[in-house]
Amino acid sequence: YASSQLVADARRHGVSVREVDINHSEWDCTLEGDATLRGGAGEASDAGVEAGVGGPELRLGLRMVRGLSEAVAERVVCERGRGEFGSVQEVSRRVGLGESEMARLARADVFGSLETARREALWDALADRSEQPLWEGEIGEDAVVLPEMGRAEEVVADYRSQGLSLRGHPFECLRHRVQRLGAVTAGELREQRHGRQLAVAGLVLLRQRPSSARGVTFVTLEDETGMANLIIKQETWERYHQAARSARALLAFGTLQNQQQVVHLLVSRLVDLSQALGQVALPSRDFR
């Protein structure tokens, strides 16, 4: 399972999840509060589900920051043991991080406890300017005021830098578009009658073609309400081969199979929605 799936499932079960933070996160995801259990992303998520509402909270770890090595994260944690960081520049100076490493942290928005927004943190993460007089205001220029990012922009930035977002889901901003095309949400599928012709849309999380399935491919989509399972027969796969094989997001039309609490959409047509996602990068897990 992708980290976004585990975290989303934990939150649906009432688990409180906290963001990655330079002053609070370890390398692994951890439990905060009364719990002492610590582990990897999957282990922590499972433990959080068992804790339930009112239990310890799951703190996302620095391992969520794409491109950040465990060695760098451990240096951050070790230095933080001598005292919490007070500014973005202090992180760079005390830990001895280069511009690229600081930029990764800034893009992942890990400086929340410093009350520093993502764009401001990225500005501050540039190479040390303390010895350059132009940056000290000696020529009388006003301080740069960076525009705040909108919620949709923040969600996209979270997915690009961490592969998930606690602010929302990338498909929320596409909902009105796919709804006009007749798409229901993944959460609404169980309420629809067996045999109904409908559509569903979402990010592609998984493609799987078991050897025993006689050419059938099973695809899992995720939207802001949950997951939807698709059944794509060989002829449909070949007809929409490019979208079926490589799309990051799909709009799928077909016949709903809703029997004995097992819900699938038998797909008849696929539309590639990858371009609508912009720069959201969420590679699917493909087993073929």
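The values are calculated or read from the model by the stated rules, or taken from the named source; none is laboratory data. This structure is a prediction, so every number in the text was calculated from the model and none was measured. A quick note on method: Cβ atoms are made from the backbone with ideal geometry, for glycine too, and the neighbour counts reach across all protein chains shown. All accessible areas refer to the heavy atoms of the entire protein, side chains included, with ligands and DNA or RNA removed. Shrake-Rupley method; radii C 1.70, N 1.55, O 1.52, S 1.80 Å.
Some observations on this one:
- Along segment 190-201 the Karplus relation, 6.51 cos²θ - 1.76 cosθ + 1.60 evaluated at θ = phi - 60°, assigns HN-Hα couplings of 5, 8, 8, 7, 4, x, 6, 7, 7, 9, 9, 9 Hz to successive residues, with x for each Gly and Pro.
- Ile232 sits with roughly 0 Å² accessible to a 1.4 Å probe, with DNA, RNA and ligands left out of the calculation.
- Per residue value of the accessible surface for segment 60-130 (all protein chains in place, 1.4 Å probe), Å²: 48 Å²
- Solvent-accessible area per residue for segment 206-263 (1.4 angstrom probe, square angstrom): 51 Å²
- By average C-beta atoms within 10 angstrom, highest first, the peptides 75-85, 194-204: 194-204, 75-85
- Nearest-10 value in Å² for the accessible area of Arg190, using the 1.4 Å probe: 140 Å²
- Here Arg94 and Ser69 are evaluated by their C-beta separation; at R0 = 25 Å the FRET efficiency comes out at 0.90.
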